[in-house]
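K.L.:
This is the structure I want to talk about, given as C-alpha cells.
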Amino acid sequence: MAKTERTAEPAAPLAAGAPLLEVTDLQVEFRMREGVARAINGVSFTLEAGQTLAILGESGSGKSVTAQAIMGILDTPPGYVTGGRVLYRGADLLKMPERQRRLIRGSQIAMIFQDALSALNPVFPVGWQIAEMFRVHRGLGRTEALERAVQLMERVRIPAARERVKSYPHQFSGGMRQRIMIAMAIALDPVVLIADEPTTALDVTVQAQIMQLLQDLQDERQMGLILITHDLGVVADVAQRIAVMYAGRLVEEADVIDLYGRPCHPYTRGLLDSIPRLDQKGQTLSAIGGLPPNLLHIPAGCPFNPRCRWAQPLCRTGAPPALAEVGVNRRSACHFWPEVAAAAPAAGLASPAQSETAGSDPAVLQTLGAASADALGPDGAQDRLAASDSALAGEQGATAVAPQGPVAAGGPALAGPTPDGGSADESEGR
Amino acid sequence: MTKYIVRRLLQMIPVIIGATFILFVLVFALPGEPWQGRCGERPCPPAYVDAFKKEYNLDKPLLIQYGIYLGRLLRGDLGTNFYNNRVIDELAVRYPTTVTLALIAIAFAIVIGITAGLVAGINRGSFLDTLVTVSTLVVISVPVFVIGGLAQWSILKLKLTDIIPVTATQGTIGQLILPGLVLGSLSVAYVARLTRTNLVENLRADYVRTARAKGLSKSRVIGLHTLRNSLIPVITFIGYEIGSLMGGAIVTERIFNINGIGGFIFRSIEQRDGVSVVGAVTVLVLVYLVVNLIVDVLYGVLDPRISHD
C-alpha cells in the first residue's frame, strides 16, 4: 500500500499494480420506518489512475449512494454500509477511524455534486468556500488560502476571478457555479474525483464545456474519475469503462465501445435503444417499460425480470444472476446474455436464436472479443485490450467482425443496435 | 442600502399618521367621559364640564382636535394628560422597566431557546428532542397568567423568595428576572422550535453534504455551515419579538406588580385618558417600526441572497 503523505503537489505516481480504488461487494441499506431498503447489493469495481469509469443507471439505481458510501458521507441514519470493502490504495476506507478517513475525504478523494446552487453554501462567498479546503486541510492563512482560491477559479476558467472571489453562489450562472464546485473539489489535487451527475442541471452547450474541463483536469492531474450519470451521450465521449447499475447491482460492466457496440444485458440494451438517434427520425422512441423496482421489495430472481423482454421462468426465481465474465474484460449479470448480445446489431453474427448453452459457446465469446478489439482499433487508445483481443480476432473469422465496422466509425455516441433490427424488437418489448 | 433605509424611514410617516388617527378616533368613540368620577359621588356640574372640555379642546370637532395633536406631536410634544401630567414624563418613568423586562425575556429566549433547539435538532428523535418538543408545546398552549402564577407559587413553596423575588414593584433587574422568564417563556418555546426545525431542515441540505465531502469536522459542518443558515430565520424572529415585547406586557406586569408601559396604557384606557393612550401607543408604534427596520437590514446582512438595493 502506498499511502503517501500528500502535499500541495500533484498526486504522486502510484505504486505499481495497486489499483487506485477497489470496491468489493459493497452493500448499503436504508433502514426506514417502512422497512429496509437494500440500496446497494454487492457492487464491485476497480478504478485505475487516469481512468474514467462511468456509473450509469436510472434514478434510484444506487449510483449516488455508491458514491456517497465511498466518500463516507451517507446520511446515517437511515443509510448504513452493511458489507464489502472500499480499498483506497490498498487501505480499507470502511474500516478506517473517522478521523483518518476525514483527512482523505476532500483532499485525496473529492466529489462534485449535481446541482451546484444547492450544493454550495448560500451564505458564504465562493472564494471563502474554496479557500476553506486550504485552511482546514493545509492550515493556510486567510490571505494565502484566498489567493489559492483565485488561482483555482482562474484554472477552471471563471472570468474576472479576482473580482468575483467575494461573490456568493447565487450571483453566478449555472455553468460558473459548477466550475466553482469543480475548483473546490480539485483544490487539493485529489487522486480520485467522483462526479455525481455534474452536468445534469446544465444546458447542453454548458454541459459540453464542463465535461471538457473535467477531462482536461483529469489529463493534467492523472486523476481517477468516477462519472455518475444517466446520460449515455456524456459517457460515450469521456469514459473508458462503464458500469451499468440496476436496483443496487452492477448488471453490466465493460469498456465503453464494447458496451455501446454490443450490450450484453437487456437493461443496457434498453438504455441504448432509448437514445434519440438521427437515423431513426419519425419513429417512436424506444423506452424501457415499467418502473425500477421498489428497493423495499426487490423482485425475486433477476431484479430486471418484470421489465425484460428476454425474461424466462429461470429469471423469476432464485438468486439474481451473478456478474460473470462474458468476454474479454467485460461482465454481465444476465442468464441469457448471449441472446441479448446476439439480438443487437446482429447482421453478421452467429444465429440470433442461441440456445441456453450458448453461454459456454466459445464462438460467441470470441466473436464478442473480436468485435470489441475491432471497435477499439480505430481509436487506438486502449492497447492493453487490443493485445489480447486481436489474438482472438485473428483466429476467428474476420467476417463476424465486419458489421461492427460502422459502429466504430460512427463514433460511440451513435453506436448502437442497427435501426432496422432494433425497432422491430422494441415494439414487442412492451 | 442607504437608499433603502431612507425609503423605509419615509414610509414610517404615513404609518404614524394613520396609527395615531385610528387611535384618536377609537379613544373618541369609547363610551364614557373623561371627567367621570372627578366630582365625587355626583355628576360633574356643567360649568366644570365646559371648563374641562375647553382646556383639552374637547369642544372642537374631532378633525381639529387631531390636527392640534399632530401639530404638537411634530414638535415632539406628546401632550399633557387629563391629570395634568406630561405624557412624556409618565412614559419616562415606566419605559426603562419595560425595556429591561423585554431584554431579560429576550435573553432567556436566546440562551435557553436556541440551546434547546440546537440540542433537539442535532439529536433528532432522541429523548432530549422529545423533551424539548413536548415541553415547548406545553408552554405555548398554557396562558401566561397560569405560567406566572405557577412560577410565583413554586418560588414561594421552595422558599427562594430571598434570591428570586416574586414581585417587582421597584423594577430592579434582580426583581425582573422571574417576570422576564415568565414573559419570555413563549418566546423561548417558539425560538426553540424554530431553531430545531431549521436545523433539521438544513442538516438535510445539499450544501451540508458538500461540506462533509470536503472533509470538514462534524463540529465545523454543523457549527459553521449549517448553523449560519439555520439561525437566519431565528434571528429575524427574535428581532420581531423584541419589537413586540417593547410594547409592554399587561398580564405579566399585573402578576408581578410591575409599573410598566402595558399597565399604564391599560389604566389610561380605563380612565378615558385619551391623550395618554394616544401618546404612549404612538411611541410604541415608533419603537416597533424602528426595530423592524433594524431587523430587515440585519436580515440582508445575514443572508446575502436578500438584496435591499
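Read the figures in this text as sums done on the coordinates, not as results from a lab. Note that the structure is predicted; figures quoted are calculated from it, not measured. When we count neighbours, we look across all protein chains shown, and the Cβ atoms used for this are built from the backbone with ideal geometry, even at glycine.
K.L.:
Note the full-extension length gain between B:Q11 and B:S244 as 0.36 nm times their separation in residues minus their Cα-Cα distance, in nm to one decimal. Present the calculation step by step, with values, prior to reporting the outcome.
P.N.:
Values: separation 233, 0.36 × 233 = 83.88 nm, distance 1.94 nm.
So the extension gain works out to 81.9 nm.
K.L.:
If you don't mind, there's one more thing I want to ask. Starting from the 7 Å offset along Cα-to-Cβ, what nm value, one decimal, do you get for the label separation of A:K281 and A:R31?
P.N.:
Calculated label separation equals 5.8 nm.
K.L.:
Counting pairwise Cα distances across the stretch A:184-268, what percent come out greater than 16 angstrom?
P.N.:
Values: 1982 of 3570 pairs.
Pairs farther apart than 16 Å: 56 percent.
K.L.:
Suppose R0 equals 25 Å; then what is the FRET efficiency for A:K95 and B:S219 from their Cβ-Cβ distance, rounded to the nearest 0.05?
P.N.:
The pair A:K95/B:S219 has a calculated efficiency of 0.60.
K.L.:
Tell me the Kirkwood hydrodynamic radius of the stretch A:43-148 in angstroms, computed as one over the mean inverse distance between distinct C-alpha pairs.
P.N.:
One over the average 1/r among Cα pairs gives 16.0 Å for the stretch A:43-148.
K.L.:
Rounded to the nearest 20 Debye, what is the dipole magnitude of the stretch A:21-239 about its Cα centre when Lys and Arg each give +1 and Asp and Glu each give -1 at the C-beta?
P.N.:
Result for the stretch A:21-239 is approximately 820 debye, rounded to the nearest 20.
K.L.:
Also: Provide the descending list of Cα extents for the stretch B:2-78 along its principal axes, expressed in whole angstroms.
P.N.:
For the stretch B:2-78, the Cα extents along the three principal axes come out at 59, 21, 19 Å.
K.L.:
May I pose another question? Can you pull the one-decimal nm distance between simple spin-label points at B:K159 and B:L74, each 7 Å off the Cα toward Cβ?
P.N.:
6.5
K.L.:
What are the semi-axes of the equivalent ellipsoid for the stretch B:268-309, taken as the square roots of 5 times the Cα gyration tensor eigenvalues, largest first, in whole Å?
P.N.:
Over the Cα atoms of the stretch B:268-309, the semi-axes work out to 36, 7, 5 Å.
K.L.:
If one takes the longest principal axis of the Cα atoms in chain B, at what angle in degrees, from 0 to 90 and to the nearest 10, does the Cα axis of helix B:144-157 lie?
P.N.:
Value to nearest ten degrees: 80.
K.L.:
Provide the descending list of Cα extents for the stretch B:99-259 along its principal axes, expressed in whole angstroms.
P.N.:
The Cα atoms of the stretch B:99-259 stretch 57, 31, 26 Å along the principal axes, largest first.
K.L.:
What number do you get for the stretch B:14-128 when its Cα radius of gyration is normalised by 2.2 N^0.38 Å, N = residues?
P.N.:
Working: Rg = 23.2 Å, N = 115, 2.2 N^0.38 = 13.4 Å.
Rounded to two decimals, the normalised Rg is 1.74.
K.L.:
What percentage of all Cα-Cα pairs in the protein assembly as shown are separated by more than 53 Å?
P.N.:
Tail of the P(r) past 53 Å holds 35 percent of the pairs.
K.L.:
Sorting A:T24, B:T100 on the 10 Å Cβ count, fewest up front, what's the list?
P.N.:
Listed from fewest to most nearby Cβ atoms, that is A:T24, B:T100.
K.L.:
Treating the angle as unsigned and between 0 and 90°, give the value, to the nearest 10°, between the Cα long axis of helix B:261-270 and the longest Cα principal axis of chain B.
P.N.:
Helix B:261-270 sits at roughly 40 degrees to that axis.
K.L.:
For a quick check: with amide H placed at 1.01 Å from N, whose amide H comes under 5 Å from A:A54's, ignoring anything fewer than 5 positions away on the same chain?
P.N.:
A:L227, A:Q240, A:R241, A:I242, A:A243
K.L.:
At 7 Å along Cα-to-Cβ for each site, give me the label-to-label distance between A:D237 and A:Q209 in nm.
P.N.:
1.3
K.L.:
Which of rounded, prolate or oblate describes chain B when judged by the alpha-carbon gyration tensor and an a/c cut-off of 1.5?
P.N.:
Oblate shape, in that a/c is at least 1.5 and b/c is the bigger or equal ratio.
K.L.:
Still on this model: So in the protein assembly as shown, what percent of DSSP beta bridges are antiparallel if you round to the nearest 5?
P.N.:
Values: 32 of 51 bridges.
Given both bridge residues lie in the protein assembly as shown, the antiparallel proportion sits at roughly 65 percent.
K.L.:
Scale the Cα Rg of the stretch A:21-239 by the rule-of-thumb value 2.2 N^0.38 Å and send over the ratio, two decimals.
P.N.:
In units of the 2.2 N^0.38 Å rule of thumb, it is 1.01.
K.L.:
Which whole-number value in Å³ per residue fits the convex hull of the alpha carbons of the stretch A:163-310?
P.N.:
In the stretch A:163-310, the Cα hull volume divided by residue count equals 168 Å³.
K.L.:
Taking neighbour counts of Cβ atoms within 10 Å as a proxy for exposure, in what order, fewest first, do B:K54, B:K60, A:K63 appear?
P.N.:
The most exposed by this proxy come first: B:K54, B:K60, A:K63.
K.L.:
Rank these for me by crowding, B:I13, B:I261, A:I298, going from fewest to most other beta carbons within 10 Å.
P.N.:
Placing the least packed residue first, the sequence is B:I13, A:I298, B:I261.
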